[in-house]
Amino acid sequence: MSVILLTKNDCTQCAQLKMFLKFGLNNKYESDIKIINKEDNQEEFDKLTAEYGILTLPAMIAGGEALIRTQPSPVLTFLEKHVGKK
């Protein structure tokens with residue numbers, strides 16, 4: 001896994017991003033993304049949000065860089081940069 005996706009339950013933007021990854025990108029990056037859900041893994045979630053200064057969700061982390069602008073274009077650019085698939 002080269003990209004971490006931070007998410008939580010009952011988050012509209014998180015659901016929208018997951019739908020984009022699944023349907024918009026046809027799950028192309030599914031095996032490259034590790035999802036950390038706040039409710040399922042509070043300790044690791046808190047550690048990463050503190051380390052990267054993340055205050056809003058969803059957020060993606062890779063290569064020491066955090067992405068909080070999770071509209072389709074920035075997400076695709078981020079994934080291509082850190083995973084390399086086009």
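The values are calculated or read from the model by the stated rules, or taken from the named source; none is laboratory data. It should be emphasised that the depicted structure is a prediction, and the values quoted were computed from it without experimental measurement. These area figures cover heavy atoms from the full protein model, side chains too; ligands, DNA and RNA do not enter into them. Shrake-Rupley method; radii C 1.70, N 1.55, O 1.52, S 1.80 Å.
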Original post:
Once the whole set of protein chains is in place, how much accessible area is left on Ile35, using a 1.4 Å probe, in Å² to the nearest 10?
Top reply: 90
Original post:
What lysines sit close enough to Lys85 to cross-link, taking a C-alpha to C-alpha distance under 24 Å and skipping anything fewer than 8 places away on the same chain?
Top reply: Lys18, Lys22, Lys28, Lys34
Original post:
In whole percent, how big is the carbon plus sulfur part of the accessible area of segment 14-54, probe 1.4 Å, protein atoms only?
Top reply: 47
**OP:** Hey, can you find the accessible area per residue of the chain for me, probe 1.4 Å, expressed in square angstrom?
**Re:** 61
Subject >> Antiparallel DSSP beta bridges within the chain, as percent of all bridges there, nearest 5 >> reply: 55
Original post:
Going by alpha carbons, how many degrees (0 to 90, nearest 10) lie between the helix axis of 42-52 and the longest principal axis of the chain?
Top reply: 70
Original post:
Based on DSSP H runs of at least 4 residues, each adding -39500 (n - 2.57), what is the mean residue ellipticity at 222 nm of the chain after dividing by all its residues, to the nearest 500 deg cm²/dmol?
Top reply: -10500 deg cm²/dmol
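Can you bin segment 23-82 into rounded, prolate or oblate? Criterion: square roots of the alpha carbon gyration tensor eigenvalues sorted a ≥ b ≥ c, rounded for a/c under 1.5, prolate for a/b above b/c, oblate for the rest.
The shape class here is prolate.
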**OP:** Note the angle between two axes, namely the Cα long axis of helix 72-83 and the longest principal axis of the Cα atoms of the chain, as a number of degrees from 0 to 90, rounded to the nearest 10.
**Re:** 90
